[in-house]
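The values are calculated or read from the model by the stated rules, or taken from the named source; none is laboratory data. Note that the structure is a prediction, hence the values are computed from the model and not measured. Here the Cβ is made from the backbone with ideal geometry for all residues, glycine too, and neighbour counts use every protein chain on show.
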Amino acid sequence: MKIINTAAILLLATLGAAWGQTGKPASLAELARYSGADREQILVEGGKKEGKLVWYTSLTAYKEIVSVFEAKYPGVKVETYRADSSALMKRTLTEAQARRYVVDVFETTPPPLMLFRDQQLLMPYTTPSIASFPEDSKEDAPKGLFYWVTDRESFVGVGYNKNSVSAKDVPKNFGDLLRPEWKGKLAFSGTDTGERVIGAMLKAKGEEFVRKLKDHDAKLHMISGGALNELVVSGEVTIAATIFRNHVLMAIEKGAPVAWVPMDLVVSNAGGAAIAAHAPHPHAATLFVDFILSPQGQKIFEEKFKYGTPLKDYGFKRWYPEKGLMTAQYEQLSDKWRKLLREIGRK
């Protein structure tokens, strides 16, 4: 009888192990790391049962993405909360403190994502397209997974009005910005965009170079990079060092006489896709992140909204200011950049 019982136990253990190997992933953690060939099928079936997902994003142009996703996966609706990164961060932390878990997927800039990571509010994951993304675009998590992956990039460089700047005078690097013809004409955004450009200048040229901008009578405008680009379009500003490439491309499509050039180091104002650690709709959440990072999702970002994608080499050196830093480390650096930027604008 003892021999029979032992055999029965071994049989049950073997069957249990076999079931564990063939059973479908069900929990959020299992779904997020699952890489089987039937991943999409499992996510679609589960997503339709869940019926929806909740997306928190700082993207201004998000409706097209939702529209294409819902058309591709009928039965899975996307409820969107759109806000700037600060408001999105505040809402998320307030909900987390109340243990009110609403959000499934985040798409926002690295500073909020870094804080969510530090507060254990992100679920590490993988995605079918992950091998196509360069290392700098992925935030590593344990066991070969990722906290977020960059899905779109706004490149910050020099924008200028072609009616005021001749082709022979177009700057090709940071050093060219100190040429005599730009004295009193070079503009900076006074927001975090300007701060990050100062960080790039420090990394590429050093602090002595940055301080020379004050003697060069660089102008500080306390407006966003997008608003500053409008001044370049109108001709009120001749040249600015804190202009987003995608803003210029969209302005060119409307016939504006503007152009954009990269400098020695191009700040990448990136947006990353992440899954919430307590996502209430795990199948739909994982499916949506897979879609955003898929070739189809990346094509929407690049062609519809003129964002850059990590999948392409644009011929210049990108710089991710937050890469490899904890929140406190990044805030310390940001504070230094902010002080230098203010010093440049102080007359």
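Residues that are touching a strand residue (DSSP E or B) at 6+ places or on another chain (Cβ under 7 Å), assigned to a helix (DSSP H, G or I) and of a type in the set (Phe, Trp, Tyr): does the stretch 49-68 have at least one? No: zero hits.
For the stretch 45-72, how many residues are among the aromatic types (Phe, Trp, Tyr), surrounded by 20 or more Cβ atoms within 10 Å (Cβ to Cβ) and under 14 Å from Ala273 (Cα atoms)? Qualifying residue count, the stretch 45-72: 2.
Of the residues making up the stretch 139-155, those that are touching a residue at least 40 places away in the same chain (Cβ under 8 Å) and under 16 Å from the mean Cα position of the chain (by Cα) number 10.
In the stretch 129-138, what residues are in contact (Cβ under 8 Å) with a residue 40 or more places away in the chain and either buried (at least 22 other Cβ atoms within 10 Å of the Cβ) or among the small types (Gly, Ala, Ser) (or both)?
Scanning the stretch 129-138 gives Ser129, Ser132, Ser137.
Given the residues Ala26, Ala71, Ala61, Ala32, which is the only one that is within 26 Å of Phe291 (Cβ to Cβ), at pLDDT below 95, within 25 Å of the chain's Cα centre (by Cα) and among the small types (Gly, Ala, Ser)?
Working: Ala26 fails: within 25 Å of the chain's Cα centre (by Cα); Ala71 fails: at pLDDT below 95; Ala32 fails: at pLDDT below 95.
Step by step, each of Ala26, Ala71, Ala61, Ala32 is checked, and only Ala61 is within 26 Å of Phe291 (Cβ to Cβ), at pLDDT below 95, within 25 Å of the chain's Cα centre (by Cα) and among the small types (Gly, Ala, Ser).
The test for being assigned to a helix (DSSP H, G or I) and either over 30 Å from Pro171 (Cα atoms) or assigned by TED's automatic domain parsing to the domain that holds Asp264 (or both) holds for Pro111.
Taken as a whole, the structure places Leu213 among residues that are surrounded by 15 or more Cβ atoms within 10 Å (Cβ to Cβ), over 18 Å from Lys162 (Cα atoms) and touching a residue at least 12 places away in the same chain (Cβ under 8 Å). For the stretch 90-105, the count of residues that are modelled with pLDDT of 95 or more and part of a strand (DSSP E or B) is at least one. Out of the residues in the stretch 166-208 that are of a type in the set (Lys, Arg) and in contact with a strand residue (DSSP E or B) (Cβ under 9 Å, 6 or more places away or on another chain), which is farthest from Glu236 (Cα to Cα)? Checked the stretch 166-208; the qualifying residue farthest from Glu236 (Cα to Cα) is Lys203. Evaluating Asp176 against the criteria (1) surrounded by 18 or more Cβ atoms within 10 Å (Cβ to Cβ); (2) of a type outside the set (A, V, I, L, M); (3) more than 30 Å from Pro124 (Cβ to Cβ) leaves one unmet condition, (1).
For the stretch 236-275, residues that are over 30 Å from Ser27 (Cβ atoms) and in contact (Cβ under 8 Å) with a residue 40 or more places away in the chain total 27.
Restricting attention to the stretch 118-177, and to residues there that are assigned to a loop (DSSP other than H, G, I, E, B) and of a type in the set (Gly, Ala, Ser), which single residue is modelled with the lowest pLDDT?
Kept after step one, since they are assigned to a loop (DSSP other than H, G, I, E, B), are these residues of the stretch 118-177: 119-121, 124, 126-129, 133-134, 141, 145, 162-166, 170-173.
Adding the requirement that they be of a type in the set (Gly, Ala, Ser) leaves 129, 141, 164, 166.
On the way: Ser129: 96, Ala141: 97, Ser164: 95, Ser166: 91.
If we take residues in the stretch 118-177 being assigned to a loop (DSSP other than H, G, I, E, B) and of a type in the set (Gly, Ala, Ser), then Ser166 is modelled with the lowest pLDDT.
Only one entry of Ala277, Ala284 meets the criterion of being in contact with a Leu (Cβ under 9 Å, 6 or more places away or on another chain), buried (at least 18 other Cβ atoms within 10 Å of the Cβ), within 22 Å of Pro111 (Cα to Cα) and not acidic (Asp, Glu), and that entry is Ala277.
Close Cβ contacts (under 6 Å, 6 or more residues apart or on different chains) running from residues in the stretch 61-90 that are within 23 Å of Gly46 (Cα to Cα) to residues that are buried (at least 16 other Cβ atoms within 10 Å of the Cβ) and among the small types (Gly, Ala, Ser) comprise Val76/Gly47; Val76/Ala284.
With the structure loaded, tell me whether Thr193 is at pLDDT below 95 and either under 21 Å from the mean Cα position of the chain (by Cα) or part of a helix (DSSP H, G or I) (or both) or whether it fails that test.
Judged against the criteria, Thr193 is a match.
Is there a residue being free of Cβ contacts under 8 Å to residues at least 24 places away in the same chain and surrounded by fewer than 21 Cβ atoms within 10 Å (Cβ to Cβ) anywhere in the stretch 218-225? No; the residues of the stretch 218-225 include none that is free of Cβ contacts under 8 Å to residues at least 24 places away in the same chain and surrounded by fewer than 21 Cβ atoms within 10 Å (Cβ to Cβ).
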